[in-house]
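Encoded as structure tokens, the structure appears first; notes follow it.
The values are calculated or read from the model by the stated rules, or taken from the named source; none is laboratory data. These numbers were taken from a predicted model, which means no experiment stands behind them. Cβ sites come from the backbone with ideal geometry, for glycine too, and all protein chains shown count toward neighbours. Just so you know, the surface numbers come from the protein's heavy atoms only, side chains and all, with ligands and any DNA or RNA stripped out. Shrake-Rupley method; radii C 1.70, N 1.55, O 1.52, S 1.80 Å.
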Amino acid sequence: MKGSFKKMLALVLISAFVLSVAGLASAAWKPTRPIEIVAPAGPGGGWDTLARVVKKALEEEKLVDQPIIVTNMPGGGGATGWTYLKGKKGKGEYLAVNSSLILLNNLLGKSKLTFKDFTVLANLQAEWETIAVKSDAPYSDLKSFFEALKANPGDMPIGVGPTLGNDDHIQFLMLAKKYGVDPATVKFVVYPETAAGQIPALLGGHIKAITISLGETLEQVKAGNLKLLGISSPERLNILPDVPTYKEQGVDLVFPHWRGIMAAPGLSEEQIAFWNETLKKMVESKTWKESLKNLGWDQFYQNADEYKAYLEDQEKEIKDLLSKVGLIK
């Protein structure tokens, strides 16, 4: 009798344990409402493109059960969209793409926001910088362009977006200094909506060149409307084999432009775990890899912990770079 009782008790305890484990498993967090990805700039720019590539990969690979909305919120060099995200504390369905501007805005005194105000999720991709002009512009390379800029800086306005002090701006200043152009003489025109404003302005003759990320120019380059004077990659890219690197043109500069994704502040460990697992599956998927190839982007995946450490290191490196080009003391 005692033996039977012990067996029954053991079965009850085992059943309770199994049910408890099952309950914990079923309690693992996942989105329960539509997922919103904020692109803190206008349509057509790098942030917008990344947000839409993430949406496409998550949906086509069936990695989430909820619909995904991409919301464009230009303004403040990303600060408008990121401020919106900050107000969604603890809500795991709200994400936003970011880049070095999450660091630069703060270092330049333009925003109090830093990556520490959010839940860092993943670094996703890197692409290269370029200088683009109209296809019929009289410049064949960086040297001829910067010689013309040096001679008449007031007559050669340069488009940049979404704000001064970003990677696009910094790489142009570094090139200008290399070719003997005083950075203080360059007339920059800022387009908060990024490529959506820069490219029409360039094609319309309102500016003479744009400093911009490669992926934002590909459509117009393929259409024969734009010409690229160089690219910041270490070697020529298969997608644009005729475009020489900066290094080929005598400028010792390799300059990647990276972008990642973050969530609202205050996410739980379960919420972070969901996005860590989901985004890892996403960057390994066929849809994601094909999108990167078509855009000329490179894989640059880092999980939440790796990305946070990377941002901490980048903050120190960018501060040093900004000091070297005279943007901060």
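For segment 94-125, what are the residues that are open to solvent by 10 Å² or more (accessible area, probe 1.4 Å) and touching a Lys or Arg at 6+ places or on another chain (Cβ under 8 Å)? Steps first, please.
First, the residues of segment 94-125 that are open to solvent by 10 Å² or more (accessible area, probe 1.4 Å): 94, 106-114, 116-120.
Residues satisfying the conditions are TYR94, ASN106, LEU107, LEU113, ASP117, PHE118, VAL120.
For a quick check of your reading of the model, give me the residue pairs whose first member lies in segment 276-298 and is under 19 Å from PRO234 (Cα atoms), whose second is of a type in the set (S, T, N, Q) and open to solvent by less than 90 Å² (accessible area, probe 1.4 Å), with beta-carbon atoms closer than 6 Å and at least 6 apart or on different chains.
TRP297/GLN125
Which members of segment 72-93 meet the condition of being surrounded by fewer than 22 Cβ atoms within 10 Å (Cβ to Cβ) and outside any helix (DSSP H, G or I)?
Residues satisfying the conditions are ASN72, MET73, GLY75, GLY87, LYS88, LYS89, GLY90, LYS91, GLU93.
Look at segment 293-323 and say how many of its residues are at pLDDT 95 or above, part of a helix (DSSP H, G or I) and crowded, with 16+ Cβ neighbours inside 10 Å.
First, the residues of segment 293-323 that are at pLDDT 95 or above: 301-309, 311-312.
Remaining after also requiring part of a helix (DSSP H, G or I): 304-309, 311-312.
Still in the running and crowded, with 16+ Cβ neighbours inside 10 Å: 304, 307-308, 311.
Selection size over segment 293-323: 4.
Take LEU164 and decide whether it is surrounded by 24 or more Cβ atoms within 10 Å (Cβ to Cβ) and either in a strand (DSSP E or B) or modelled with pLDDT under 95 (or both).
Details: surrounded by 24 or more Cβ atoms within 10 Å (Cβ to Cβ): no; either in a strand (DSSP E or B) or modelled with pLDDT under 95 (or both): yes.
Criteria not met by LEU164.
For segment 227-247, name all the residues that are among the charged types (D, E, K, R) and either surrounded by 19 or more Cβ atoms within 10 Å (Cβ to Cβ) or not in a loop (DSSP other than H, G, I, E, B) (or both). Step through it out loud before you land on a result.
Going residue by residue through segment 227-247, those that are among the charged types (D, E, K, R) are 227, 235-236, 242, 247.
The answer is LYS227, LYS247.
Go through (1) assigned to a helix (DSSP H, G or I); (2) in contact (Cβ under 8 Å) with a residue 24 or more places away in the chain; (3) open to solvent by 10 Å² or more (accessible area, probe 1.4 Å); (4) farther than 20 Å from SER99 by Cα one by one and return the number of the condition GLU59 breaks.
It fails just one condition, (2).
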